[in-house]
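K.L.:
Here's a structure for you.
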Amino acid sequence: MINKISPSIADALSVVRDGHTVLIGGFGTSGIPAELIDGLIEHGARELTVVNNNAGNGDTGLAALLAAGRVRKIICSFPRQADSHVFDGLYRAGQIELELVPQGNLAERLRAAGAGIGGFFTPTGYGTALAEGKESREINGRHYVFESPLPGDVALIKAERGDRWGNLTYRKAARNFGPVMAMAARHTIATVHELAELGELDPETIVTPGIHVGKIVCIDRVATQAGGFKGSV
Amino acid sequence: MTYQKRSKAELAQRVARDIHDGAYVNLGIGMPTQVANHLAPGIEVVLHSENGILGMGPAPAAGLEDYDLINAGKQPVTLLPGGAYFHHADSFGMMRGGHLDICVLGAFQVSATGDLANWSTGEPGAIPAVGGAMDLAVGAKQTWVMMDLLDKQGRSKVVPTCSYPLTGVACVKRIYTDLATLACTPQGLQLIDKVDGLAHAELERLVGLPIAA
């Protein structure tokens, strides 16, 4: 019998090790798996490489993980925001490494990792500082830059509903990086707000099939907080 | 002759006038967001947001904000009937794959041949952040820039060669500014329109580059 439902966040996170690359879903605060990040802080893993679109908002969630000194390197597209003061301070003090990746390259590198692609040529970034040192190629008269896959050891995903096979649905634009990160990691851990019986989720609406999910934890629904813009802090 | 600059609202109106019925459009953060408020009544334009939304609607009424449904600037929005959600790789595939008709971006500098600089001023100590700017610049069928022609020191932001770090090479087709609308071509700038009373020679003097009439 397959049962991916985990009794607690601590149990679900037991696969995390020091030095792991942790893919964390979310765009600003939308889709950020705040409860799993709090659990990761409690877990205590260090020297992590974190992949997220941003680099934390305010003082909670990803910002708190950074503040706790657990993250060696962050791979993201947009660290600087109105409320990214925790990251800003660490970066200026030279206490965190930053790999800046154009957002679409970040998504596609994750997708490539999950899909078994050895890399891809993209027009994004050609001729810019973010393509320096990378292989480029002219294809049908257009210039492209080679980008590598970006796999994770663990992915932390916020979903909406799930079942014991690990099938997931998402809510509104909180879906964002969830589906590609779920595919790109060896161990994907998702929170859901509702557990469904097998067969209850309409197969036409399942976005992430359970094959990509290792563990599911059901948590209470808390309204997503504003973050990432002036006036949200 | 005297001339009046286009106000922010007039500039947004000017851009909106060139967006056709049925267009799929991505409006960048900041000034371009305002274009949505000036689209002609009766036309249907489908707005794309990089975080996985097509058919993005206006801000919700106070008290109805849902922060699972936000725009690229992370502000709360709504979804129009017919709208759809999709994941990030699909969203950027939509962009990179040339499926969007128009993308409107802000800029620090644009070169006469359409090089764009809008993600970093390269200042030492500044924290770099690129977001979706490089993907947007090269992805849409047409990339338009919307900005003031001159910076706060009165220097033209349309330049022979960008001095700020590039976002994309030869990717901008049109520049909408408070003084004139210009096309970027491999041969250089071409005039589309300018505000009343601004002489062609004066516009060329302000920009510091030849502009084909």
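K.L.:
So how strong a dipole does segment B:75-154 carry about its Cα centre when Lys and Arg Cβ are +1 and Asp and Glu Cβ are -1, to the nearest 20 debye? It would help to have the intermediate numbers written out before the result.
P.N.:
Working: 3 positive and 7 negative charges, 24 e Å.
Dipole size: approximately 120 debye.
K.L.:
Here's a follow-up. Answer rounded, prolate or oblate for segment A:167-233, using the Cα gyration tensor with square roots of eigenvalues a ≥ b ≥ c: rounded when a/c is under 1.5, else prolate when a/b is larger than b/c, else oblate. Before the final figure, lay out the partial values.
P.N.:
Working: a/c = 2.06, a/b = 1.62, b/c = 1.28.
Prolate shape, in that a/c is at least 1.5 and a/b is the bigger ratio.
K.L.:
Let me ask something else about it. Say a site is exposed when it is one of the GluC sites (Glu not before Pro), sits in a DSSP loop, and has at most 12 other Cβ atoms within 10 Å; what is then the longest site-free stretch of chain A?
P.N.:
On the way: sites that count: A:Glu132, A:Glu135, A:Glu197, A:Glu200, A:Glu204.
So the longest stretch without any such site is A:1-131.
K.L.:
Return the Rg/Rh value of segment A:9-218, two decimal places, where both radii are evaluated on C-alpha atoms and Rh is the Kirkwood radius.
P.N.:
Using Cα coordinates only, the ratio equals 0.99.
K.L.:
Can I ask one more? As an exercise, use a Förster radius of 35 Å and the Cβ-Cβ distance of A:Ile219 and A:Ser148 to find the FRET efficiency, rounded to the nearest 0.05.
P.N.:
My answer for the efficiency is 0.55.
K.L.:
Okay, next question. Need one value for A:67-78: mean number of C-beta atoms belonging to other chains within 10 Å of its residues' C-beta atoms.
P.N.:
Across A:67-78, the average partner-chain Cβ count within 10 Å equals 2.
K.L.:
Where does chain B land at 222 nm, in deg cm²/dmol rounded to the nearest 500, when only DSSP H runs of n ≥ 4 count, each adding -39500 (n - 2.57), divided by all residues?
P.N.:
So the calculated ellipticity at 222 nm is -4500 deg cm²/dmol.
K.L.:
Lysine pairs in chain A with alpha-carbon atoms under 17 Å apart, 8 or more places apart or on different chains: how many are there? Please report the intermediate quantities before stating the final value.
P.N.:
On the way: A:Lys4/A:Lys158; A:Lys4/A:Lys215; A:Lys158/A:Lys172; A:Lys158/A:Lys215.
Here the count comes out as 4.
K.L.:
Let me know the mean shielding of B:165-176 by other chains, meaning the per-residue number of their Cβ atoms within 10 Å of its Cβ.
P.N.:
Across the residues of B:165-176, the mean count of other-chain Cβ atoms within 10 Å is 3.
K.L.:
Also, I was wondering about something else. Treating only the Cβ atoms of Lys and Arg (+1) and Asp and Glu (-1) as charged, compute the dipole magnitude of the protein assembly as shown about its Cα centre; round to the nearest 20 debye.
P.N.:
On the way: 38 positive and 45 negative charges, 146 e Å.
Computed about the Cα centre, the dipole is about 700 debye.
K.L.:
Excluding residues on the same chain fewer than 8 positions from B:Lys141, give the aspartates and glutamates whose Cα lies under 15 Å from its Cα.
P.N.:
Partners found: B:Asp18, B:Asp101.
K.L.:
For segment B:8-212, what is the convex hull volume of its Cα atoms per residue in Å³?
P.N.:
In segment B:8-212, the Cα convex hull volume per residue is 138 Å³.
K.L.:
Hey, what do the phi angles of segment A:34-49 turn into as Karplus ³J(HN,Hα) couplings, whole Hz, using 6.51/-1.76/1.60 and θ = phi - 60°, x for Gly and Pro?
P.N.:
Result, ordered by residue: 4, 5, 5, 5, 4, x, 5, 5, 5, 4, x, 4, 10, 6, 7, 9 Hz.
K.L.:
Residue by residue, what Karplus-based ³J(HN,Hα) values in Hz, rounded to whole numbers, does segment B:68-80 have, using 6.51, -1.76 and 1.60 with θ = phi - 60° and x for Gly and Pro?
P.N.:
Taking θ as phi minus 60°, the curve returns 7, 10, 10, 9, 4, x, 6, 8, x, 9, 10, 10, 7 Hz for segment B:68-80.
K.L.:
Counting pairs of alpha carbon atoms under 8 Å apart in space and at least six apart in sequence, what relative contact order in percent does segment A:20-64 give?
P.N.:
Reported as a whole number, the value is 49 percent.
K.L.:
Roughly what % of DSSP beta bridges within segment A:9-218 run antiparallel, to the nearest 5?
P.N.:
Of the beta bridges lying entirely in segment A:9-218, close to 30 percent run antiparallel.
K.L.:
Can you list the lysines whose alpha carbon sits under 17 Å from that of B:Lys5, skipping same-chain ones fewer than 8 residues off?
P.N.:
Cross-link targets: B:Lys152, B:Lys157, B:Lys194.
K.L.:
Also, I was wondering about something else. Would you work out which of B:Gln142, B:Gln4, B:Gly57 lies farthest towards the positive end of the dipole of the protein assembly as shown, given +1 charges on the beta-carbon of Lys and Arg and -1 on that of Asp and Glu, about the Cα centre?
P.N.:
The one lying farthest along the dipole's positive direction is B:Gln4.
K.L.:
So who's got an amide H within less than 5 Å of the one on A:Arg80, skipping anything under 5 residues away but keeping other chains? H placed 1.01 Å off N, in plane.
P.N.:
Those lying under 5 Å, H to H, from A:Arg80: there are none.
K.L.:
Quote the relative contact order of chain A in percent (integer), defining contacts as alpha-carbon pairs under 8 Å separated by 6+ residues.
P.N.:
Computed value for chain A: 24 percent relative contact order.
K.L.:
Can you show me the helix-derived [θ] at 222 nm for chain A, built from DSSP H runs with n ≥ 4 at -39,500 (n - 2.57) apiece and divided by the number of residues, rounded to the nearest 500. If you can, show how the numbers build up before the last one.
P.N.:
Numbers: 6 runs with 48 residues, N = 233.
Rounded to the nearest 500, the figure is -5500 deg cm²/dmol.
K.L.:
Measure off 7 Å from each Cα along the Cα-to-Cβ vector at B:Arg155 and A:Phe120, then give the distance between these two points in nanometres to one decimal.
P.N.:
Taking the two extended label points, one gets 3.8 nm.
K.L.:
Take every Cα pair under 8 Å in segment B:8-212 that's 6+ residues apart, average their separations, divide by the length, and report that relative contact order as a whole percent.
P.N.:
Rounded, it is 18 percent for segment B:8-212.
K.L.:
Which FRET efficiency, nearest 0.05, do B:Asn37 and B:Leu64 yield, Cβ-Cβ r, R0 22 Å?
P.N.:
Numbers: r = 19 Å, r/R0 = 0.86.
Step by step, r from the Cβ atoms, then E = 0.70.
K.L.:
Classify segment A:1-96 as rounded, prolate or oblate from the Cα gyration tensor: take a ≥ b ≥ c as the square roots of its eigenvalues, call it rounded if a/c is under 1.5, otherwise prolate when a/b beats b/c and oblate if not. Write out the running numbers ahead of the final one.
P.N.:
Values: a/c = 2.18, a/b = 1.66, b/c = 1.31.
Prolate is the answer for segment A:1-96, as a/c is 1.5 or above and a/b outweighs b/c.
K.L.:
As an exercise, find the ratio Rg/Rh for segment B:33-137 from alpha-carbon atoms, using the Kirkwood inverse-distance average for Rh.
P.N.:
For segment B:33-137, the value is 0.99.
K.L.:
Provide a whole-number value for the mean count of partner chain Cβ atoms within 10 Å of the Cβ atoms in peptide B:120-130.
P.N.:
Average per residue, whole number: 5.
K.L.:
Also, I was wondering about something else. Per Stokes-Einstein, at 25 °C and 0.890 mPa s, what whole-number D in µm² s⁻¹ belongs to the protein assembly as shown, with the Kirkwood radius over Cα pairs as the hydrodynamic radius?
P.N.:
108
K.L.:
Just to be sure I follow: if Rg is taken over the C-alpha atoms of segment A:98-214 and Rh is the Kirkwood radius over the same atoms, what is Rg/Rh? Can you show the working numbers first?
P.N.:
Details: Rg = 16.9 Å, Rh = 15.6 Å.
Result for segment A:98-214 is an Rg/Rh of 1.09.
K.L.:
How much of the DSSP bridge set in segment B:8-212 is antiparallel, in percent, rounded to the nearest 5?
P.N.:
Working: 20 of 38 bridges.
So the antiparallel bridges in segment B:8-212 amount to around 55 percent.
K.L.:
Next up: Under a point-charge model restricted to the Cβ atoms of Lys and Arg (+1) and Asp and Glu (-1), what is the dipole moment magnitude of segment A:9-218 relative to its Cα centre, in debye to the nearest 20?
P.N.:
In total the dipole reaches around 420 debye.
All of the numbers you see were taken from the coordinates with simple rules; none came from a lab. Since the model is a prediction, treat every value here as computed from it, not as a measurement. For neighbour counting, all protein chains shown are included, and Cβ atoms are generated from backbone atoms with ideal geometry for every residue, glycine included.
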